[in-house]
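Asks: My questions will all concern the structure given below.
The values are calculated or read from the model by the stated rules, or taken from the named source; none is laboratory data. These figures come from a predicted structure and were not determined experimentally. Note that each Cβ is placed from the backbone with ideal geometry, even for glycine, and that neighbours are counted across all protein chains shown. SASA here: full protein model, heavy atoms, side chains in, ligands and nucleic acids out. Shrake-Rupley method; radii C 1.70, N 1.55, O 1.52, S 1.80 Å.
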Amino acid sequence: SPPLLSPPLPHHFHLPLRREAMAARIASLEVFALCGPKLPRPHWTAHFPVPPGNEVLVRLKTKEGLQGFGLASSYTAIDPLVKPWRNGLADLVIGEDALAPEKLYQKMFRLTASKVASEKGWSKEAMIRLSAAIDLACWDIVGKTAGLPLYKLFGGYTNKVDCYATCGYYREGKDEAELRAELQMMVDQGHQGFKVKIGGLSLKEDMERLRVIREVIGDDKDLMVDVNRAWDYRTALEGVKLLEAFRPRWLEEPVSWEDDRRLLKLLAQRTNIPISGGESEFTSWGCRA
């Protein structure tokens, strides 16, 4: 017998929604500039210092009383991230629907090429970073509205994730004893993965630092190596050969920024060490092949 079919739907029909036109309008916001004290001995990557704390915290509040938090970090001066809040950016956020984060993000991101932003002195970098902070705050509200952590809202199925500690920074006067003490403290804390910095010294000196680090953490721990774009291609070719002895789980940003997509591809063809990159890109578009 032929299969039973449901009667066809009429040309014009409406499906009932659980909540008609559900929205969470942003009623107010607060912005906090978080700056840590200047360190007498700052930590360095291969070629720039790591600020002790340079963040803008955005707290959105909806008419329903929900709050969402978002954070924007900066390795440079924080003033450009604060200025837009003092001359009009908040007016573009208040009244928007926090449950439509993509819509608000696009509105904010378009300010990177906007006459309004230019007239007000809002830099492109500031707009990119602050767009991210607002986006994070909106998604925080989305999760709270749904009563779910975002990982479940996005389809995640586990509540565990691998993690690692970043360490082994350069520091004025830092010797082998201080490096050993730093790594031993982290081993004692129970860390199982360590990402360390190289690229600020000669290959010979950096390989000696890695020898010490591997010796302290042992062969059973994950070791990742981050060059922070400090090597030219020739140095990178030599570096990957020397790194094989330390069995890194990956090598991060090994080549300089100006032609890194092409050079990363060429380097990956010359080594079995997994190559990672993209951290220094400001947008997802910069990570596309």
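Asks: If you go through the stretch 108-132 one residue at a time, how many are part of a helix (DSSP H, G or I) and over 19 Å from residue 69 (Cα atoms)?
Replies: Of the stretch 108-132, the ones part of a helix (DSSP H, G or I) are 108-113, 115-120, 124-132.
Narrowing further to those that are over 19 Å from residue 69 (Cα atoms): 110-113, 115-120, 124-125.
The number of residues fulfilling the criteria is 12.
Asks: Got a sec? Which of 81, 92 is in a helix (DSSP H, G or I), touching a helix residue (DSSP H, G or I) at 6+ places or on another chain (Cβ under 9 Å) and closer than 30 Å to residue 195 by Cβ?
Replies: Details: 92 fails: closer than 30 Å to residue 195 by Cβ.
None of the other options fit; the residue is 81.
Asks: Has the stretch 104-112 got at least one residue that is within 22 Å of residue 281 (Cα to Cα), at pLDDT 95 or above, open to solvent by 70 Å² or more (accessible area, probe 1.4 Å) and in contact with a helix residue (DSSP H, G or I) (Cβ under 7 Å, 6 or more places away or on another chain)?
Replies: no
Asks: Only residues that are surrounded by fewer than 16 Cβ atoms within 10 Å (Cβ to Cβ) and among the hydrophobic types (A, V, I, L, M, F, W, C): list them for the stretch 213-248, please.
Replies: Step one: filter the stretch 213-248 for residues surrounded by fewer than 16 Cβ atoms within 10 Å (Cβ to Cβ), giving 215, 218-220, 232, 234, 238, 241-242, 244-245, 247.
Within the stretch 213-248, 242, 245 qualify.
Asks: Restrict the check to the stretch 37-53 and report whether at least one residue is surrounded by 17 or more Cβ atoms within 10 Å (Cβ to Cβ), at pLDDT 95 or above, under 24 Å from residue 136 (Cα atoms) and hydrophobic (A, V, I, L, M, F, W, C).
Replies: Taking every residue of the stretch 37-53 in turn, none turns out to be surrounded by 17 or more Cβ atoms within 10 Å (Cβ to Cβ), at pLDDT 95 or above, under 24 Å from residue 136 (Cα atoms) and hydrophobic (A, V, I, L, M, F, W, C).
Asks: Could we say that residue 68 is modelled with pLDDT of 95 or more, among the small types (Gly, Ala, Ser) and touching a strand residue (DSSP E or B) at 6+ places or on another chain (Cβ under 6 Å) here? Steps first, answer last, please.
Replies: On the way: modelled with pLDDT of 95 or more: yes; among the small types (Gly, Ala, Ser): yes; touching a strand residue (DSSP E or B) at 6+ places or on another chain (Cβ under 6 Å): yes.
It is true that residue 68 is modelled with pLDDT of 95 or more, among the small types (Gly, Ala, Ser) and touching a strand residue (DSSP E or B) at 6+ places or on another chain (Cβ under 6 Å).
Asks: With the condition kept exactly as written, say whether any residue in the stretch 249-256 is farther than 24 Å from residue 219 by Cβ, of a type in the set (Lys, Arg) and open to solvent by 70 Å² or more (accessible area, probe 1.4 Å). Before the answer, list the steps.
Replies: Of all residues in the stretch 249-256, those farther than 24 Å from residue 219 by Cβ come to 253, 255-256.
So of that shortlist, the ones also of a type in the set (Lys, Arg) come out as none.
No, there is no match, as no residue in the stretch 249-256 is farther than 24 Å from residue 219 by Cβ, of a type in the set (Lys, Arg) and open to solvent by 70 Å² or more (accessible area, probe 1.4 Å).
Asks: Of everything in the stretch 161-171 that's under 14 Å from residue 200 (Cα atoms) and of a type in the set (Phe, Trp, Tyr), which residue is farthest from the chain's Cα centre (by Cα)?
Replies: Residue satisfying both the conditions and the ranking: 170.
Asks: Would you please name the residue that is nearest to residue 49 (Cα to Cα), looking only at residues in the stretch 213-259 that are touching a Gly at 6+ places or on another chain (Cβ under 6 Å) and acidic (Asp, Glu)?
Replies: 253
Asks: Just to check your reading of the model, which residue among 197, 174 is more than 25 Å from the chain's Cα centre (by Cα), open to solvent by less than 70 Å² (accessible area, probe 1.4 Å), within 30 Å of residue 216 (Cα to Cα) and among the charged types (D, E, K, R)? Lay out the reasoning, then the answer.
Replies: Working: 197 fails: more than 25 Å from the chain's Cα centre (by Cα).
Result: 174 is the single residue among 197, 174 that is more than 25 Å from the chain's Cα centre (by Cα), open to solvent by less than 70 Å² (accessible area, probe 1.4 Å), within 30 Å of residue 216 (Cα to Cα) and among the charged types (D, E, K, R).
Asks: So, one more: What are the pairs with Cβ atoms under 8 angstrom where one residue, in the stretch 46-62, is under 25 Å from residue 230 (Cα atoms) and the other, located anywhere, is among the hydroxyl-bearing types (Ser, Thr, Tyr) and modelled with pLDDT of 95 or more? Sequence gap at least six, or different chains.
Replies: From residues that are under 25 Å from residue 230 (Cα atoms), the pairs are 46/170; 50/169.
Asks: If you take the residues in the stretch 271-287 that are outside any loop (DSSP other than H, G, I, E, B) and modelled with pLDDT under 85, which one is least open to solvent (accessible area, probe 1.4 Å)? If you could, list the steps in order and put the result at the bottom.
Replies: Here is the first cut: in the stretch 271-287, the ones outside any loop (DSSP other than H, G, I, E, B) are 275-276, 284-287.
Of the ones still in play, those that are also modelled with pLDDT under 85 are 284-287.
Details: 284: 76, 285: 112, 286: 14, 287: 81 Å².
The extreme case among them is 286.
Asks: Exactly one of (1) open to solvent by less than 30 Å² (accessible area, probe 1.4 Å); (2) free of Cβ contacts under 8 Å to residues at least 60 places away in the same chain is unmet by residue 187. Its number?
Replies: Unmet for residue 187, out of (1) open to solvent by less than 30 Å² (accessible area, probe 1.4 Å); (2) free of Cβ contacts under 8 Å to residues at least 60 places away in the same chain: (1).
Asks: Let me ask you something else. Check the stretch 121-128 and report whether any residue there is charged (D, E, K, R) and under 17 Å from the mean Cα position of the chain (by Cα). Walk me through how you get there before you give the answer.
Replies: Of the stretch 121-128, the ones charged (D, E, K, R) are 124-125.
With under 17 Å from the mean Cα position of the chain (by Cα) added as a condition, the list becomes 125.
Yes: one or more hits.
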